[in-house]
1. So if the hydrodynamic radius of segment 236-326 is defined as the Kirkwood radius over C-alpha pairs, what does Stokes-Einstein give as its diffusion coefficient at 20 °C and 1.002 mPa s, in µm² per second?
2. Note the angle between two axes, namely the Cα long axis of helix 196-211 and the longest principal axis of the Cα atoms of the chain, as a number of degrees from 0 to 90, rounded to the nearest 10.
3. Kindly sort LYS342, LYS166 by accessible area of their heavy atoms, largest first, with the probe set to 1.4 Å.
4. Points 7 angstrom from Cα along the Cβ direction at GLN72 and HIS243: gap in nanometres?
5. Once you have the Kirkwood Rh of segment 146-302 from its Cα pairs, apply Stokes-Einstein at 37 °C and 0.692 mPa s and quote D in µm²/s.
6. As a test of understanding, state the convex hull volume per residue of segment 181-222 from its alpha carbons, in Å³.
7. If you roll a 1.4 Å probe over the heavy atoms of the protein chains, what accessible area per residue do you get for the chain, in Å²?
8. I want to check a number: in the chain, how many lysine pairs have alpha carbons closer than 20 Å, given a sequence separation of 8 or more or different chains?
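The values are calculated or read from the model by the stated rules, or taken from the named source; none is laboratory data. This is a predicted model, so every value here is computed, not measured. So basically every Cβ, Gly included, is an ideal-geometry build from the backbone, and we count neighbours across all protein chains shown. Only protein heavy atoms, including side chains, enter the accessible area calculation; ligands, DNA and RNA are left aside. Shrake-Rupley method; radii C 1.70, N 1.55, O 1.52, S 1.80 Å.
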Amino acid sequence: MNKQNQALNYRTRIINTLSEIGQSTWDCLLSAQKESNPFLSFAFLDALHASGCANERTGWEPHYLTIWREEQLVAAMPLYIKHHSYGEYVFDWAWADAYHRNGFEYYPKLLSSIPFTPVSGGRLLAIDDEASNALIFALSDLQQTKGLSSTHILFPPKAQALALQKAGFMLRAGVQFHWVNQHYGCFDDFLATLERKKRKNIRAERRKVAEAGVTFRHVLGKDATQDDWRFFTHCYNNTYAEHHSTQYLNLAFFQRIGTSMPQHLLLIIAEREGQPIASSLVVYNENTLYGRYWGAIEHVPCLHFETAYYQALEFCIARGLQYFEGGAQGEHKMARGFLPTKTWSAHWLSHPAFSTAIEQFLNNIF
């Protein structure tokens, strides 16, 4: 779809596949952003779509909103038409239920997020403030004309959340738990900053894993083999099955990012008696490590904490990475040195009565 943005003389296009834009054009736009976020890269997003994890069949219909000045891409928003609320991590199931109980359809809805990935980062991708304003203008026009119930922008940075609030969106605050590197020289330096009980518990958890005969390999993305990716996917699938859940991602996705963005990936593989028994996959850039995926095929007490947290913390300290974002939820992370960090989401609902009710709800919890 092409549409002229009359207010700022930009051209608006809805993109249903990133191949319409191309990697060089997309990543050129990303290079103009203040932050470097691997989850916004062409490689990561295209892998989600091309592997069949996030597409119309799975309820994630790509509907990227883009702004062009002549032939230059000057702004874009990762946007989806969603047919459910799975894989979002900002829960609106109660809102959908209220719609349905009153005879209204909540789905489909518009959603701007990284599928299955509760990581904060730019959602209004623009080369300058003028282009960003044009993007917000186009989003407002789109949600008014598309006839969908609502629009939701998940995990934008605070500045973008406030800009969306000025455009009529309601803000919702959340909490994640992040670790901050205070220039630690080693893991014991980090432990020394914790209160005695936390320090004692962490050492006890690590000791249980070591006494079980478990050792670890850190495999950088560039060194990961196809066997490594198959084993990790086996662990990932097994853990989802044990929790009676359906996995969001597949082997094709992990293999694709292993090929297209290996410089951002680390596999942590746990072994016992020479055999792999568990693995975690983390994503990182020059400043931040993001805890993402984990799985095991054998139960060992405290193995999850060691594989998904403590080994990753050691990697952060060794590489001098400043932050470790541990993913969604999990107050248990505070016992392991992670601190509460506020996150944001922005919401617009087309139905006036529901919009008023949800605004009152958000004002009460804000």
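1. On the way: Rh = 13.9 Å.
Once the numbers are plugged in, D ends up at 154 µm²/s.
2. 70
3. Values: LYS342 120, LYS166 185 Å².
Ranked from most to least accessible, the order is LYS166, LYS342.
4. Going from the GLN72 label point to the HIS243 one covers 4.4 nm.
5. Working: Rh = 18.9 Å.
Answer from the Stokes-Einstein relation: 174 µm²/s.
6. Values: hull volume 4.2 nm³, N = 42.
Per-residue hull volume (Cα only) is 100 Å³.
7. Numbers: 16530 Å² over 366 residues.
For the chain, the solvent-accessible area averages 45 Å² per residue.
8. Lysine pairs satisfying the spacing and distance rule in the chain number 17.
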